[in-house]
Amino acid sequence: MLLSLAMWLQSLDPSLGFLRVFQYLTFRAVMAAMTAVLIGLILGPIVIRKLTELKIGQPIREYGVQEHLAKRGTPTMGGALILLAIGLSTFLWFDWSNRFVWVVMIVTLGFGAIGWVDDWRKVVLKDPEGMRSREKYFWQSLIGLISAFFLAFAVSGNSNEQVMELFFDWVASGFTNDLPPAADLIVPFFKSVSYPLGVWGFIALTYVVIVGSSNAVNLTDGLDGLAIMPVVMVGAALGIFAYVTGNAVFSRYLLLPYIPGAGELLVFCAAMSGAGLAFLWFNAYPAQVFMGDVGALALGGALGTIAVIVRQEVVLAVMGGIFVLEALSVMVQVSYFKYTKKKYGEGRRILLMAPLHHHFEKSGWKETQVVVRFWIITMLLCLVGLSTLKLR
């Protein structure tokens with residue numbers, strides 16, 4: 001919005017040349033981050049107080065880690081504060097004509113709405129199951145598939161008109177036309193290794209990345225500050241990839257696909273990082289507020305969507321290795337429990353408790369140790385991911 005306003009004012013009065021600074025992507029990204037931080041810090045106490053008044057407190061499982069029972073009643077659904085800060089900041093500073101930011105915003109708010117309903121049923125309506133798994137998965141799948149279908153052509157076209165041309169050409173060909181090389185699956189650390197996916201392959205991969213990332217971040221959000229800081233770090237790293245991918249010179253030099261318009265995602269990534277840092281101010285141990293599904297599902301979906309647009313799905317799995325391990329720990333634990341119960345009549349466990357962070361707590365690690373060590377691992381993994389920009 002501010003970009004359009006600055007350009008309009010400059011067209012009316014050429015002497016306002018200093019407004020050209022709004023056309024610089026890096027300037028708007030920095031301002032988006034600062035705006036999101038200020039919104040989060042200012043509105044944080046208000047949101048926490050309102051959640052407390054509404055008695056929207058986090059329920060704690062009796063069979064979980066006993067030390068967590070003291071957290072019962074801590075306000076949850078604080079992810080709404082993150083989404084508010086991201087939304088306001090992004091709308092102020094991004095180019096409204098950019099299709100990629102709109103897609104990411106829609107996915108973020110869509111998954112946030114799913115999380116909101118789930119949290120509301122659990123906390124306010126006192127339904128221990130919240131949104132049923134099938135219902136939640138249906139809405140996640142619907143948003144994921146629609147986004148995947150659009151992105152299959154959006155990342156391949158240089159303009160909105162070309163996106164429509166690619167779609168109509170694909171339909172006219174009997175759904176057999178391949179996508180341009182920009183939509184190929186990139187293998188990091190290799191100069192020219194990529195795999196053509198085709199439209200259906202692209203849709204399938206994108207669906208898995210978006211829905212998988214959303215649920216993985218949600219599973220990670222179990223300790224004070226555990227999920228939000230990795231989201232900030234991975235989001236910031238993806239912002240760098242977005243800036244490079246959207247720049248014709250940098251992308252050509254670093255042997256990455258050039259995707260016009262992808263650079264504008266740097267504004268969203270900056271806003272997400274700023275909002276995350278502001279939320280961490282209140283979510284750090286001992287937490288004054290929890291993110292809830294409304295924040296975790298939304299942020300995970302945003303990371304997955306951005307990674308697809310900048311063609312870094314594999315790198316996302318590397319940088320978000322903590323999210324991947326948390327999700328795998330639940331899948332392995334549940335599968336092994338069901339298998340042993342069917343075979344031996346008694347369910348057995350590989351981990352002391354899933355997700356993975358609870359296993360380490362049960363092993364004797366303090367909560368702050370688990371959180372900080374997971375942060376350190378994520379920082380190292382992000383550096384590995386960023387190294388793929390040059391190491392090819």
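The values are calculated or read from the model by the stated rules, or taken from the named source; none is laboratory data. This structure is a prediction, so every number in the text was calculated from the model and none was measured. Don't worry about glycine lacking a Cβ; one is built from the backbone with ideal geometry, like all the others, and counts go over all protein chains shown.
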Out of (1) in a helix (DSSP H, G or I); (2) of a type outside the set (Val, Ile, Thr); (3) within 19 Å of the chain's Cα centre (by Cα), the one Lys338 does not meet is (3)
Which residue out of Trp375, Trp365 is part of a loop (DSSP other than H, G, I, E, B), hydrophobic (A, V, I, L, M, F, W, C) and closer than 26 Å to Val231 by Cα? Trp365
Take the stretch 245-277 and flag every residue that is under 19 Å from Gly78 (Cα atoms) and either charged (D, E, K, R) or surrounded by fewer than 24 Cβ atoms within 10 Å (Cβ to Cβ) (or both). Leu277
With the checklist (1) more than 21 Å from Leu223 (Cα to Cα); (2) touching a helix residue (DSSP H, G or I) at 6+ places or on another chain (Cβ under 6 Å); (3) not in a helix (DSSP H, G or I) in hand, flag the one item Lys390 doesn't pass. (2)
If Ala317 passes every condition in (1) in contact (Cβ under 8 Å) with a residue 24 or more places away in the chain; (2) farther than 22 Å from Gly225 by Cβ; (3) not in a loop (DSSP other than H, G, I, E, B) but one, which one does it miss? (1)
Of all residues in the stretch 326-385 being small (Gly, Ala, Ser) and surrounded by 13 or more Cβ atoms within 10 Å (Cβ to Cβ), which is farthest from Gly212 (Cα to Cα)? Gly347
When Pro14 is evaluated against the numbered criteria (1) farther than 30 Å from Gly78 by Cβ; (2) assigned to a helix (DSSP H, G or I), which criterion, by number, is the only one it fails? (2)
Could you give every pair whose Cβ atoms fall below 6 Å, whose first residue belongs to the stretch 332-344 and is over 20 Å from Leu219 (Cα atoms), and whose second residue is basic (Lys, Arg), counting only separations of at least 6 or pairs across chains? Thr340/Arg348
Would you mind telling me which numbered condition in (1) touching a Ser or Thr at 6+ places or on another chain (Cβ under 9 Å); (2) surrounded by fewer than 22 Cβ atoms within 10 Å (Cβ to Cβ); (3) of a type in the set (A, V, I, L, M) Ile210 fails? (2)
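Kindly indicate the residue of the stretch 149-185 that is among the acidic types (Asp, Glu) and either surrounded by fewer than 15 Cβ atoms within 10 Å (Cβ to Cβ) or under 21 Å from the mean Cα position of the chain (by Cα) (or both) and also nearest to Val199 (Cα to Cα) among those meeting that condition.
First pass over the stretch 149-185, keeping only residues among the acidic types (Asp, Glu): 161, 165, 169, 178, 184.
Adding the requirement that they be either surrounded by fewer than 15 Cβ atoms within 10 Å (Cβ to Cβ) or under 21 Å from the mean Cα position of the chain (by Cα) (or both) leaves 161, 165, 169.
On the way: Glu161: 18, Glu165: 14, Asp169: 12 Å.
For the stretch 149-185, the residue satisfying everything is Asp169.
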With Leu88, Leu2, Leu12, Leu41 as the choices, which residue is at pLDDT 85 or above and over 28 Å from Trp120 (Cβ atoms)? Leu2
Mind counting the residues in the stretch 278-310 that are within 15 Å of the chain's Cα centre (by Cα) and either surrounded by fewer than 24 Cβ atoms within 10 Å (Cβ to Cβ) or of a type in the set (Ser, Thr, Tyr) (or both)? 1
